[in-house]
There are 2 protein chains.
Amino acid sequence: MPGNRRFVLLRRPSGVPVPEDFALVSSDMPKVPQNGFVVRNHFASLDPAQRGWMDDAESYLPPIPLGDAVRATTVGVVQESDNPAFPVGQWVLGLNALEDYSVATPGGFTRCIDVSAVASPSHYLSALGAVGLTAYFGLADVARPKPGETLLVSGAAGAVGSAVGQIGKILGCRVIGIAGGEDKCRRLLADYGFDVAIDYKGKDHAALVAAIAQAAPAGVDIVFENVGGPVMEATVFNLALRARIVLCGLISEYNAPEKVGLRNLWQIIARRATIHGYLIADYADRFPQGATQMAGWMADGRLRVDEDVQHGLENAYPAFMRLFTGENTGKLILKIA
Amino acid sequence: MPGNRRFVLLRRPSGVPVPEDFALVSSDMPKVPQNGFVVRNHFASLDPAQRGWMDDAESYLPPIPLGDAVRATTVGVVQESDNPAFPVGQWVLGLNALEDYSVATPGGFTRCIDVSAVASPSHYLSALGAVGLTAYFGLADVARPKPGETLLVSGAAGAVGSAVGQIGKILGCRVIGIAGGEDKCRRLLADYGFDVAIDYKGKDHAALVAAIAQAAPAGVDIVFENVGGPVMEATVFNLALRARIVLCGLISEYNAPEKVGLRNLWQIIARRATIHGYLIADYADRFPQGATQMAGWMADGRLRVDEDVQHGLENAYPAFMRLFTGENTGKLILKIA
């Protein structure tokens with residue numbers, strides 16, 4: 001009878017996690033709970049949020065208990081079931097853990113997925129997961145672009161930003177991306193089809209404002225904001241009348257002891273712009289709809305979402321650390337089986 | 001032959017305007033332009049927006065040219081005319097300047113007004129003018145309150161703010177006002193029917209956040225923002241989910257050399273709030289509709305709009321400064337003739 005390998009949290013990391021914070025242990029196969037099922041995990045999502053769950057701090061989810069496997073969103077196949085809605089052999093997605101087999105019950109994000117629509121089930125953790133759907137709903141549903149509008153994306157070379165830019169092109173926008181460094185800007189143009197790439201590095205405020213003005217002489221109609229701070233302020237000086245700003249993330253602010261915020265807030269009045277605070281969690285009940293649209297665009301070859309797939313539960317620690325060294329190029333995923 | 005006294009901008013103020021930024025100069029009487037007219041100004045509106053027009057910054061209107069009279073909305077009587085739609089003796093309203101006589105041509109806000117319908121022609125600069133209609137359209141059309149929602153108004157004792165609060169009550173909201181000083185707060189409750197008045201003076205950030213939280217335990221659904229800066233930030237820490245912020249003015253920022261902006265912008269994401277940059281100018285074609293509604297509420301005794309009428313072009317500077325010292329109680333108006 002096969003065992004269940006589990007990547008467990010032994011102690012709460014102090015700062016950057018070290019290998020001794022974890023252990024790969026072998027457990028008995030889990031029992032099927034009433035009305036639930038056991039899932040054979042195939043792919044797990046590796047995300048910065050997991051580092052937060054390792055701390056003993058209240059958040060939107062409780063801390064991972066010491067001695068328990070590290071919580072992760074996974075896709076896998078139902079192995080045993082006490083629920084006819086999740087029959088044996090069915091592919092499912094859910095908030096499980098870094099382990100061969102997880103016990104699951106209906107509720108939360110747990111749902112059946114159609115892997116026939118995608119090249120790899122892992123796509124449900126990238127293009128058809130939170131990353132891709134953040135881009136899709138934020139642009140298509142919050143900003144609602146009209147063909148011919150100018151879209152500016154900050155953090156454009158990131159997983160969300162690169163998807164936003166491509167969806168913008170599909171929906172008929174002229175797309176400007178802001179990213180840090182020549183290589184990222186080259187990829188915006190070559191890999192993701194952006195019309196203009198602006199490298200914010202080495203540019204002072206006036207130079208960045210001028211670069212955006214040159215790229216969008218009639219102003220920016222839609223901003224998909226992932227960065228905040230001075231990059232956002234430079235964009236806000238280039239808004240078209242009635243611009244819409246999808247406020248998705250402020251990554252430049254999270255570790256800053258002094259928050260910059262938005263010092264040129266007055267421009268929001270002057271341009272009659274709208275800022276929409278946006279969290280993908282609000283769209284959970286529309287994930288299947290979004291995933292169908294994203295899968296269709298991928299099948300048509302109009303959308304690429306890069307994955308960085310690492311292999312094996314025994315490599316969970318070095319794989320996870322790629323998030324913090326910047327080694328990963330694309331959505332980081334661990335292949336378990 | 002009479003001269004034309006003009007209150008001109010000599011240099012762009014640095015921070016708070018000083019008397020040396022202006023001069024009262026005497027000019028020749030203006031000539032009637034083709035198809036236009038000369039208006040004898042009787043009342044001029046004094047508004048925070050004028051401070052913005054004094055800066056050398058692009059906005060929805062160009063900066064006031066140095067050496068030119070300070071731009072202002074006025075009501076007056078046609079003195080000479082080359083346009084039969086604006087005959088001599090007709091009362092008119094328009095975007096003119098702080099001067100005895102202005103040259104006007106049809107277009108923009110310029111229109112004839114019926115002073116027989118009001119107790120004073122100045123009411124076209126308060127309840128039936130931009131102030132009253134800013135309150136009306138900003139609340140009724142941008143925020144679209146639902147009965148039972150909690151509305152917070154900053155700068156609540158001001159001309160716009162006090163109207164917003166009263167309209168909020170008429171539309172079924174619970175209304176919280178923030179103002180500076182005990183006397184203003186007393187007036188919010190006694191004169192304008194606010195449910196709660198919060199005095200921001202003498203409160204540090206934590207105390208102001210706590211006072212708003214106590215007044216709105218379930219969070220603020222609608223913010224009508226006239227002030228910006230730390231007062232706005234304290235409000236933003238108390239937003240209900242999906243709150244709407246009508247961004248109407250940022251008077252605390254206009255004289256500040258270092259803009260505070262909105263340092264807790266992250267809360268806009270966390271609360272999925274929306275910020276709507278709002279200018280009454282966009283509603284010009286609906287002014288008659290709004291004025292009819294406001295006039296009806298005033299006739300019913302449900303709405304009062306106070307005026308603070310100062311006298312004489314020679315007092316333009318101290319009159320204008322009442323906006324920034326908080327001395328004015330009601331819509332600030334300069335009586336010119």
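Under the condition of being in contact (Cβ under 8 Å) with a residue 60 or more places away in the chain, within 16 Å of B:Gln267 (Cα to Cα) and not in a loop (DSSP other than H, G, I, E, B), the residues counted in the stretch A:233-258 number 1. Across the stretch A:87-98, a minimum of one residue is classified as at pLDDT 95 or above and either within 24 Å of A:Val16 (Cβ to Cβ) or not assigned by TED's automatic domain parsing to the domain that holds A:Leu9 (or both). Quick check, is A:Phe37 within 16 Å of A:Ala337 (Cβ to Cβ) and in the same structural domain as A:Ser116 (by TED's automatic domain parsing)? No, not satisfied.
Taken together, the criteria exclude B:Arg322 from residues that are basic (Lys, Arg) and within 21 Å of B:Ser120 (Cα to Cα).
Of all the listed residues (A:Gly330, A:Gly296, A:Gly290), the sole one being closer than 28 Å to A:Leu188 by Cβ and in contact with a strand residue (DSSP E or B) (Cβ under 6 Å, 6 or more places away or on another chain) is A:Gly330. Cβ-Cβ contacts under 9 Å between residues 6 or more apart (or on different chains), taken from a first residue in the stretch A:1-27 that is among the hydroxyl-bearing types (Ser, Thr, Tyr) to a second residue that is not in a strand (DSSP E or B), are listed as A:Ser14/A:Asp21; A:Ser26/A:Gly3; A:Ser27/A:Gly3. Scanning the stretch B:277-326 for residues that are more than 16 Å from B:Ile167 (Cα to Cα) and either without any contact (Cβ under 8 Å) to a residue 12 or more places away in the chain or of a type in the set (Gly, Ala, Ser) (or both) turns up B:Gly277, B:Ala281, B:Asp282, B:Ala284, B:Asp285, B:Pro288, B:Gly312, B:Ala316, B:Pro318, B:Ala319, B:Thr325, B:Gly326. Selection within the stretch A:261-306: residues that are at the interface with chain B (Cβ under 7 Å from one of its Cβ atoms) and among the aliphatic types (A, V, I, L, M). The member of this set that is nearest to B:Ala57 (Cα to Cα) is A:Ala270. In the stretch B:298-327, the residue that is nearest to B:Asn226 (Cα to Cα) out of those that are at pLDDT 90 or above and of a type in the set (Phe, Trp, Tyr) is B:Phe320. In this entry, A:Ala316 is excluded by the filter for residues that are assigned by TED's automatic domain parsing to the domain that holds A:Val236 and either among the charged types (D, E, K, R) or buried (at least 22 other Cβ atoms within 10 Å of the Cβ) (or both). One residue alone among B:Leu241, B:Leu247, B:Leu265 is over 21 Å from the mean Cα position of the chain (by Cα), over 20 Å from B:Ser45 (Cα atoms) and surrounded by 18 or more Cβ atoms within 10 Å (Cβ to Cβ), and that residue is B:Leu265.
Annotation: A:Ile222 fulfils all but one of (1) in a helix (DSSP H, G or I); (2) in contact (Cβ under 8 Å) with a residue 60 or more places away in the chain; the unmet one is (1).
The values are calculated or read from the model by the stated rules, or taken from the named source; none is laboratory data. Predicted model, so just to flag it, every value in this text is computed and none were measured. Here Cβ is always computed from backbone atoms with ideal geometry, including for glycine, and neighbour counts include all displayed protein chains.
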